[in-house]
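This report concerns only the one structure given below.
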Amino acid sequence: MAEIGLSINGQPSSIVEGRTLLEQLLTGASVIEGTLQSHLGERFDVTLLRFDLMAQLDPLPDGMDWSDLSKLMMGSNANLTELVGQLVKSGDIDRRTSLCDRRGQVIRLTKAGRAAFRKMAAEHRKWIADIFSDFAANDILEMTRLLAKIKS
């Protein structure tokens, strides 16, 4: 008999089942991340991190404060500083002093950066659809609902 130590909905469950679930979640996330990283690199010569940063800025025509962007990106400030520098150099984003706080910076996509991102985003949507093509729509909705419980 498996070791009891995990309770799911008040019902005893094995630690092995919990570990297996966690392994499946992490493996699935890793496979998806690797697939997207590979496609972005091959098709557009960009990293997933660069794509994610541009995705954060796309819906915000006026840009975002550096501190807010840093919180959303959840990486080190050094990595973010380097990435923003690369995007400024490539002409995809611009950096300006905040009007509210002269010590702060606002980061926003340039017109060229927004066009480049939207081209990548269209391909990205196709890749996501392909990754989940073996799942029925109801399965995707159910997985989304169940995984949302982790955050709450």
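The values are calculated or read from the model by the stated rules, or taken from the named source; none is laboratory data. Predicted model only: the values in this text are computed from it and were never measured. Note that each Cβ is placed from the backbone with ideal geometry, even for glycine, and that neighbours are counted across all protein chains shown.
Restricting 40, 36, 25 to residues that are farther than 15 Å from residue 124 by Cα and either in contact (Cβ under 8 Å) with a residue 60 or more places away in the chain or not assigned by TED's automatic domain parsing to the domain that holds residue 122 (or both) narrows the list to 25. Taking segment 98-113 as the search range and keeping residues that are out of contact with any Leu (no Cβ under 8 Å at 6 or more places or on another chain) and either part of a helix (DSSP H, G or I) or at pLDDT 95 or above (or both), which one is surrounded by the fewest Cβ atoms within 10 Å (Cβ to Cβ)? The residue in question is 111. Does residue 20 satisfy the criteria of being surrounded by fewer than 17 Cβ atoms within 10 Å (Cβ to Cβ), part of a helix (DSSP H, G or I) and in contact (Cβ under 8 Å) with a residue 60 or more places away in the chain? For residue 20, the condition - surrounded by fewer than 17 Cβ atoms within 10 Å (Cβ to Cβ), part of a helix (DSSP H, G or I) and in contact (Cβ under 8 Å) with a residue 60 or more places away in the chain - is not met. Taken over segment 28-40, the criterion of being surrounded by fewer than 14 Cβ atoms within 10 Å (Cβ to Cβ) and farther than 16 Å from residue 150 by Cβ is satisfied by 30, 31, 33, 34, 38. Residues in segment 42-51 that are assigned to a helix (DSSP H, G or I) and surrounded by 13 or more Cβ atoms within 10 Å (Cβ to Cβ): 43, 44, 48, 49, 50, 51. With respect to the conditions (1) at pLDDT below 95; (2) surrounded by 15 or more Cβ atoms within 10 Å (Cβ to Cβ); (3) acidic (Asp, Glu), residue 92 lacks only one, and its number is (1). Inspect segment 87-104 for any residue being within 21 Å of residue 40 (Cβ to Cβ), within 17 Å of the chain's Cα centre (by Cα) and not aliphatic (A, V, I, L, M) and give the result as yes or no. No, segment 87-104 contains no residue that is within 21 Å of residue 40 (Cβ to Cβ), within 17 Å of the chain's Cα centre (by Cα) and not aliphatic (A, V, I, L, M).
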